[in-house]
Amino acid sequence: MVYFDAHGDYNTPETTLSGMLGGMPVAIAAGLALTRMRQKAGLDPALPQRYIVEAGVRDTDPLEQELLDRSEIEQLSVQDIRTRSDKLRSAMQRLSETTDVIYIHVDMDVLDPSEVPGHHLKVKGGPTSVELAAAIAEMFKYEKAAAFGVASTPFGDDDKTGVSLQAAHNLILAAIRGVQQRHGVP
């Protein structure tokens, strides 16, 4: 799993400052907490930490950061995203060699706040949707990249100008473009 988010989402009920369940999905998927919830979602066994890559994380709770620092989760910086660095390609190659399927997840708060102005958890310093789209297109050239999700897109009154919807659209089109390139479609 490649998890694009401004937040680590690696909290457990014991480490969280906010108590938000939305700050725990990566920890749950990795088997650190809420086992019955993970199993009910059909993820059994837990996802090994070495199969998780987080990208764009720049806002973590102190104890969450300690968990991340001790984990086998690979971290990609915003700069890795912007430049489609060798580190990004290396992570995709490693996951391609060690996993059956790669799920790429985007929480829209990973983006520059100007593209998600109505998001309630935005964090300065993120990539633009164009920069992230270029990285996603590159990632979907890998055969094992087979699933894509976009979460927490502001809408309605939180996206009156449609900027967030356009950003999500850019990301979805990039995944399609990457698959097309994988199959030699111009």
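The values are calculated or read from the model by the stated rules, or taken from the named source; none is laboratory data. Everything numeric here is computed off the predicted structure, so don't read it as measured data. Here the Cβ is made from the backbone with ideal geometry for all residues, glycine too, and neighbour counts use every protein chain on show.
Could you grab me the full set of residues in segment 3-19 that are aliphatic (A, V, I, L, M) and surrounded by fewer than 24 Cβ atoms within 10 Å (Cβ to Cβ)? So that I can check it myself, show each step before the final result.
Just the residues of segment 3-19 that are aliphatic (A, V, I, L, M), to begin with: 6, 17.
Result: L17, single match.
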How about segment 95-111: which of its residues are touching a residue at least 12 places away in the same chain (Cβ under 8 Å), farther than 14 Å from L165 by Cα and of a type outside the set (V, I, T)?
L95, S96, D100, Y103, H105
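Counting only residues that are surrounded by fewer than 16 Cβ atoms within 10 Å (Cβ to Cβ) and closer than 22 Å to A147 by Cβ, which one in segment 22-38 is modelled with the lowest pLDDT? It would help to see each step written out before you state the result.
To start, the set of residues in segment 22-38 that are surrounded by fewer than 16 Cβ atoms within 10 Å (Cβ to Cβ) comprises 22, 35-37.
Keeping just the survivors that are closer than 22 Å to A147 by Cβ gives 22, 37.
On the way: G22: 93, M37: 97.
Residue satisfying both the conditions and the ranking: G22.
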Out of V185, V116, I need the residue that is out of contact with any Leu (no Cβ under 7 Å at 6 or more places or on another chain), of a type in the set (V, I, T) and modelled with pLDDT under 95. Which one?
V185
Of all residues in segment 23-47 being in contact (Cβ under 8 Å) with a residue 24 or more places away in the chain and of a type in the set (A, V, I, L, M), the one that is farthest from L95 (Cα to Cα):
L32
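Which ones in segment 73-94 are within 16 Å of the chain's Cα centre (by Cα) and under 12 Å from V53 (Cβ atoms)?
Residues of segment 73-94 within 16 Å of the chain's Cα centre (by Cα): 73-82, 84, 87-89, 91-92.
Once the filter is applied, which keeps residues that are within 16 Å of the chain's Cα centre (by Cα) and under 12 Å from V53 (Cβ atoms), segment 73-94 yields I73, E74, Q75, L76, S77, D80, I81, K87, L88, R89, A91, M92.
Out of E72, E64, report the one residue that is under 27 Å from S129 (Cβ atoms), among the acidic types (D, E) and in contact (Cβ under 8 Å) with a residue 12 or more places away in the chain.
Values: E72 fails: under 27 Å from S129 (Cβ atoms).
It is E64.
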